Amino acid sequence: MFRSAVFVGAALLVLAVTANSSLIACTGDCNGDGVVTIDEIVLGVGIVLGDHPVGDCVAFDADQDGAVTVEEVVVAVGAALSMCPSTLQRSYALEGTINGRAASGHLRFTPTDEIEPNVVKYTVDSFSFGELAGIGTADFFTLNNTFSVTIDAQVQGGGMVRLTGGAPVLSIPPLVLGEFDVVGDGYTLRFTATQQGGE
């Protein structure tokens, strides 16, 4: 037990400085529920130490080489600390204001398979709010629990505007977002996001 605790502590330290983008996005999710738990991390540590066979959780063998490495457990620790990216699209209904006027819309995004220390990256598949509609990118920063977006939006009637901003992350999983503050050239958006789908 002491060996496992020491190993997990070392993995947390290594997480800040290393990750391998070739590893699959949900390393360590043994039961496939979209979440990496502490029990699963302990099992992964046990596999590395030789106390359990790889077959007890093949999700740790991200590169499918028949072995589980420290690096693979580190990636799983990252998923446990933040969230386990998946192919599930997340969809939110938006309610709020544009420049003080009431508006509504939606935001849909999908986690990518990019793995960076302390960042979960997303593609914004669809965004609409009032007279604005577009696509872009988003990042969830696990160190300060914030979700940021960059969206290139078309304005109804003509023109484009780049919108940037974000929201605090209130809980994971599921990904519950606080009130968004987003600005662009001549636009100030404030809205709440209520999750409609995804995990």
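Out of region 139-162, which residues are of a type in the set (A, V, I, L, M, F, W, C), farther than 18 Å from Y187 by Cβ and part of a strand (DSSP E or B)? Outline the logic, then answer.
Of region 139-162, the ones of a type in the set (A, V, I, L, M, F, W, C) are 140-141, 143, 147, 149, 151, 153, 155, 160-161.
The next check asks that each one be farther than 18 Å from Y187 by Cβ; those that pass are 140-141, 143, 147.
Passing the criteria: F140, F141, F147.
Can we say D113 is modelled with pLDDT under 90 and outside any loop (DSSP other than H, G, I, E, B)?
Numbers: modelled with pLDDT under 90: yes; outside any loop (DSSP other than H, G, I, E, B): yes.
For D113, the condition - modelled with pLDDT under 90 and outside any loop (DSSP other than H, G, I, E, B) - is met.
The residue that is farthest from the chain's Cα centre (by Cα), among those in region 173-197 that are surrounded by fewer than 19 Cβ atoms within 10 Å (Cβ to Cβ) and not in a strand (DSSP E or B), is G186.
Take the conditions under 19 Å from T164 (Cβ atoms), not small (G, A, S) and not in a loop (DSSP other than H, G, I, E, B) and apply them to V120. Does it pass? Don't jump to the end; show me each part of the working.
On the way: under 19 Å from T164 (Cβ atoms): yes; not small (G, A, S): yes; not in a loop (DSSP other than H, G, I, E, B): yes.
Criteria met by V120.
For T164, the conditions (1) under 22 Å from K121 (Cβ atoms); (2) surrounded by fewer than 17 Cβ atoms within 10 Å (Cβ to Cβ); (3) under 17 Å from the mean Cα position of the chain (by Cα); (4) of a type in the set (S, T, N, Q) all hold with the exception of (3).
Residue-level check: of (1) closer than 19 Å to Q89 by Cβ; (2) without any contact (Cβ under 8 Å) to a residue 12 or more places away in the chain, N144 misses just (1). Taking first residues from region 59-71 that are outside the structural domain of T27 (by TED's automatic domain parsing) and partners that are assigned to a loop (DSSP other than H, G, I, E, B) and modelled with pLDDT under 90, no Cβ contact under 6 Å between residues at least 6 apart in sequence or on separate chains turns up. Look at L49 and say whether it is surrounded by 19 or more Cβ atoms within 10 Å (Cβ to Cβ) and either modelled with pLDDT under 80 or out of contact with any strand residue (DSSP E or B) (no Cβ under 8 Å at 6 or more places or on another chain) (or both). It is false that L49 is surrounded by 19 or more Cβ atoms within 10 Å (Cβ to Cβ) and either modelled with pLDDT under 80 or out of contact with any strand residue (DSSP E or B) (no Cβ under 8 Å at 6 or more places or on another chain) (or both).
Within region 39-56, residues that are touching a residue at least 24 places away in the same chain (Cβ under 8 Å) and of a type outside the set (S, T, Y) sit with their Cβ atoms under 7 Å from residues that are assigned to a helix (DSSP H, G or I) and loosely packed, with under 14 Cβ neighbours inside 10 Å, at 6+ positions apart or across chains, in these pairs: L49/R3.
When we screen S91, S104 for residues that are over 15 Å from the mean Cα position of the chain (by Cα) and within 30 Å of F129 (Cβ to Cβ), the only hit is S104. Only a single criterion out of (1) at pLDDT 95 or above; (2) touching a His at 6+ places or on another chain (Cβ under 9 Å) is not satisfied by Q196, namely (1). Is one or more of the residues making up region 178-192 acidic (D, E) and more than 17 Å from G96 (Cβ to Cβ)? Yes: one or more hits.
Could you tell me whether region 130-144 includes any residue that is surrounded by fewer than 18 Cβ atoms within 10 Å (Cβ to Cβ) and over 30 Å from A80 (Cα atoms)? Taking every residue of region 130-144 in turn, at least one turns out to be surrounded by fewer than 18 Cβ atoms within 10 Å (Cβ to Cβ) and over 30 Å from A80 (Cα atoms).
The values are calculated or read from the model by the stated rules, or taken from the named source; none is laboratory data. What you see is a predicted model, and the numbers here were worked out from it, not measured in a lab. We place every Cβ from the backbone using ideal geometry, glycine too, and count neighbours over all the protein chains shown.
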